[in-house]
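*Asks:* First the structure, which I've put down as structure tokens, then a few questions once you've had a look.
The values are calculated or read from the model by the stated rules, or taken from the named source; none is laboratory data. Because the structure is predicted, anything quoted here is derived from the model rather than measured. Neighbour counts run over all protein chains shown; Cβ positions are idealised from the backbone, glycine included. Calculation scope for accessible area: heavy atoms of the full protein, side chains included, ligands and nucleic acids excluded. Shrake-Rupley method; radii C 1.70, N 1.55, O 1.52, S 1.80 Å.
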Amino acid sequence: MPAATVRTVNVVQHLIEGFHRQSAIDKRPVDGAVEVGELGLAGDQQIYSAHGGPDRAVYVYADEDATWWADELGREIPPGLFGENLRTTGLEVSQARLGEQWRVGEVLLEVRRVRTPCDNLALHMGIDDFHLRFSASGRVGAMCRVLEAGAVTAGDPVAVEVRPNHPVTISSLASGSVTAADMQALLDSGLPLSPPVRALATRAVAKR
């Protein structure tokens, strides 16, 4: 398998009008090294506080999933179209497990949450209710925490440094195909889960 790499590094190009407020979803590739800190990439921004924070500092999306969407929609999905900060090649983002850690250039990222898009994604794509279709596909990309800050550049290698021993992946969690047993395994893993993920897992186990 070819080595995983960063295809592009993307930050907000300009703010656009969303359904209820301005949106920073319009991200485009930039040249050169970009510093990545606790709250994300230099030059990027989130308008709504619920779209940011340490557990959503860096949004990673796979070229392979973008290609799937391009075939599904019959249109190009250029880097940044879904609002991602990093477009990767060769990294199995949809099959990443919560708590998985990736070395991306100088930066160490931890997979914390799935992307849960709002209707601004549908507006940006020009497709009614696309955000619901996007979530159901499981190909939503990973929201990551920055464990080690540094610089990232297009072409940087990406290596999986930690892969936890539980079955909950980005795809299974986003699509709703995760089971109560899977969620119990996630809770039993001892990972420091984000509060929303822990609450979701606890509710799923309680209904079993």
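*Asks:* Can you find, within the range 136-176, the residue that is least open to solvent (accessible area, probe 1.4 Å) among those that are of a type in the set (D, E, K, R) and over 26 Å from ILE77 (Cα atoms)?
*Replies:* The selected residue is GLU148.
*Asks:* Follow-up question, since we're still on this one. Does ARG133 satisfy the criteria of being of a type in the set (Lys, Arg) and surrounded by 19 or more Cβ atoms within 10 Å (Cβ to Cβ)?
*Replies:* Answer is no for this residue.
*Asks:* Okay, moving on. Testing VAL160 on (1) of a type in the set (A, V, I, L, M, F, W, C); (2) under 16 Å from ASP26 (Cβ atoms); (3) in contact with a strand residue (DSSP E or B) (Cβ under 7 Å, 6 or more places away or on another chain), one condition comes back false. Which one is that?
*Replies:* The number of the failed condition is (2).
*Asks:* Pull up the range 177-190, narrow it to residues that are surrounded by fewer than 20 Cβ atoms within 10 Å (Cβ to Cβ) and either touching a residue at least 40 places away in the same chain (Cβ under 8 Å) or among the polar types (S, T, N, Q) (or both), then point me to the one that is nearest to ALA57 (Cα to Cα).
*Replies:* SER189
*Asks:* Looking only at strands (runs of 3 or more DSSP E) that fall completely inside the range 1-119, which ones have 1 or more residues that are modelled with pLDDT under 95 and farther than 29 Å from LEU187 by Cα?
*Replies:* 4-12, 27-29
*Asks:* Return yes or no: is GLY126 open to solvent by 50 Å² or more (accessible area, probe 1.4 Å) and more than 24 Å from GLY176 (Cα to Cα)?
*Replies:* Here the answer is yes, as GLY126 does meet what is asked.
*Asks:* Kindly list, by first and then second residue, each pair from a residue in the range 149-172 that is of a type in the set (Asp, Glu) to a residue that is in a loop (DSSP other than H, G, I, E, B), limited to pairs with Cβ atoms under 7 Å and residues at least 6 apart or on different chains.
*Replies:* Note: pairs meeting the criteria are ASP156/GLY105.
*Asks:* Identify the residue in the range 101-119 that is touching a helix residue (DSSP H, G or I) at 6+ places or on another chain (Cβ under 8 Å) and of a type outside the set (Asp, Glu) and, among all such residues, is most open to solvent (accessible area, probe 1.4 Å).
*Replies:* For the range 101-119, the residue satisfying everything is THR116.
*Asks:* Does the range 196-207 include one or more residues that are open to solvent by 30 Å² or more (accessible area, probe 1.4 Å), assigned to a loop (DSSP other than H, G, I, E, B), in contact (Cβ under 8 Å) with a residue 12 or more places away in the chain and within 21 Å of GLU92 (Cα to Cα)?
*Replies:* no
*Asks:* Could you check the range 57-100 and list, in sequence order, the residues that are over 17 Å from HIS131 (Cβ atoms), open to solvent by less than 10 Å² (accessible area, probe 1.4 Å) and of a type in the set (Ser, Thr, Tyr)?
*Replies:* THR88
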